[in-house]
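Comments concern the structure below.
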Amino acid sequence: MRIEEDIKLGFKDVLIRPKRSTLKSRSEVNLIRYFSFKYSPLKWSGIPIIASNMDTIGTFQMATSLSRFNILTAIHKYYSIKEWEIFINSSPDNILEHVIISIGTSNLDFEKIKKIFLLSSKIKYLCIDVANGYSEFFLSFLKKVRDCFSDKIICAGNVVTGEMVEELILSGADIVKVGIGPGSVCTTRLKTGVGYPQLSAIIECADAAHGLNGQIISDGGCAVSGDIAKAFGGGSDFVMLGGMLSGHSECSGKVIEEKENKFMLFYGMSSIPAMQRYTGKIFGYRASEGKVVKVPFRGEIDKTIRDILGGLRSACTYVGAQKLKELTKRTTFIRVSEQENCVFNHFNASNILD
Ligand code: 5GP
């Protein structure tokens, strides 16, 4: 047994130190980034935020709405080929260029991506997604996918340590997805005792990935737009969001009405309802590692996205980053023991002028 003594940090442990800036307004900030990749010859430009491939979040409707903001959606893996066909035939290239196909590591998944890529050559990204990216089998599956789809942008995860990021990149990943246990509806840390504070995971994994010309996605743990700024500030190239995008018309969660109020169900992909829904049973050897929660229904996603992007632009202004790409270079984190002042609760002021 070993203990690592140096402190590992989460988003709530830091703030970003303001820096002298020549920017006059947040409208001068450019959030678009231009990417080229270690293996794939494709290029991609856009705002490097990704809607998570959870079944309630990574929907075709979400991809359609978020493509208008140049934001990516990782489509969940439960759509049938028929549903993909209908989506692809009815979507212009701009939408398809903002889509990531998610798969697990089964042979069926492998055959399915072949069929989806045959339906459209416009889709650039695929993401091999497993809860625990530390297995030998995962590495060999990744190699097989890289051999078969040599020109696609391949993301793989999840891991949280530099040595495994290197291993995944050397096995064919362009981008490594980082995060074990930080998610809003994840109970892995409680169930298993395993995890890694997300900001430290980002800092260490980004360093490892960038050293090999790879990139990382920070996946999970962002609760407010300031956390997204911290993830980018820590070196993340992309940031994946689940909970922050839940409760919208584009989501597929069940709507619950209670008196005047509308809610939507949101649940972890390893929660009991998700396991029941997709495997039809609860395996005796598996514990649930996800929660079910009820979130307020917030209507269409546009307002939430504008709020997130506004927060991110403002963060860039505070440190003098004219482009999102400069945010990491201009970030100094300070360790803190307080975040916001909680003396008052938020008042929902949306109807204040009625
Ligand atoms: P959030 O943005 O909600 O904090 O985190 C979203 C991420 O949580 C997802 O992209 C996924 O990686 C992770 N996640 C989703 N469902 C579960 C679950 O049931 N268990 C665990 N351990 N992680 C989950």
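Inspect all residues belonging to region 299-310 and state whether any of them is modelled with pLDDT of 95 or more, acidic (Asp, Glu) and over 18 Å from residue 59 (Cα atoms). Yes, region 299-310 contains a residue that is modelled with pLDDT of 95 or more, acidic (Asp, Glu) and over 18 Å from residue 59 (Cα atoms). For region 199-230, a tally of residues being within 11 Å of the chain's Cα centre (by Cα) and either more than 12 Å from the ligand (Cβ to nearest atom) or not polar (S, T, N, Q) (or both) returns 7.
Scanning region 22-39 for residues that are in contact (Cβ under 8 Å) with a residue 40 or more places away in the chain and either touching a Cys at 6+ places or on another chain (Cβ under 9 Å) or charged (D, E, K, R) (or both), we see that the one that is farthest from residue 172 (Cα to Cα) is 23.
Is it true that residue 265 is over 20 Å from the mean Cα position of the chain (by Cα), surrounded by fewer than 21 Cβ atoms within 10 Å (Cβ to Cβ) and of a type in the set (A, V, I, L, M, F, W, C)? So residue 265 fails the test. In this structure, does residue 257 turn out to be under 23 Å from the mean Cα position of the chain (by Cα), more than 19 Å from residue 229 (Cα to Cα) and acidic (Asp, Glu)? Answer is no for this residue.
Return a yes/no flag: does region 40-55 have any residue that is part of a helix (DSSP H, G or I) and either within 16 Å of the chain's Cα centre (by Cα) or surrounded by fewer than 16 Cβ atoms within 10 Å (Cβ to Cβ) (or both). Taking every residue of region 40-55 in turn, none turns out to be part of a helix (DSSP H, G or I) and either within 16 Å of the chain's Cα centre (by Cα) or surrounded by fewer than 16 Cβ atoms within 10 Å (Cβ to Cβ) (or both).
A residue that is without any contact (Cβ under 8 Å) to a residue 60 or more places away in the chain and buried (at least 16 other Cβ atoms within 10 Å of the Cβ) can be found somewhere in region 297-315.
Do the conditions hold for residue 88, that is, is it of a type in the set (Val, Ile, Thr) and either more than 16 Å from the ligand (Cβ to nearest atom) or at pLDDT below 95 (or both)? Here the answer is yes, as residue 88 does meet what is asked.
In the set (1) within 21 Å of residue 6 (Cα to Cα); (2) more than 16 Å from the ligand (Cβ to nearest atom), residue 234 fails one condition alone, (2). Restricting the search to helices (runs of 4 or more DSSP H) fully inside region 110-198 and requiring at least 3 residues that are surrounded by fewer than 21 Cβ atoms within 10 Å (Cβ to Cβ) and within 16 Å of the ligand (Cβ to nearest atom) gives 188-192.
The values are calculated or read from the model by the stated rules, or taken from the named source; none is laboratory data. Keep in mind that this is a model prediction, so the values were computed, not measured. Methodologically, a virtual Cβ is constructed for each residue, glycine included, from the backbone with ideal geometry; neighbour enumeration extends over all protein chains shown.
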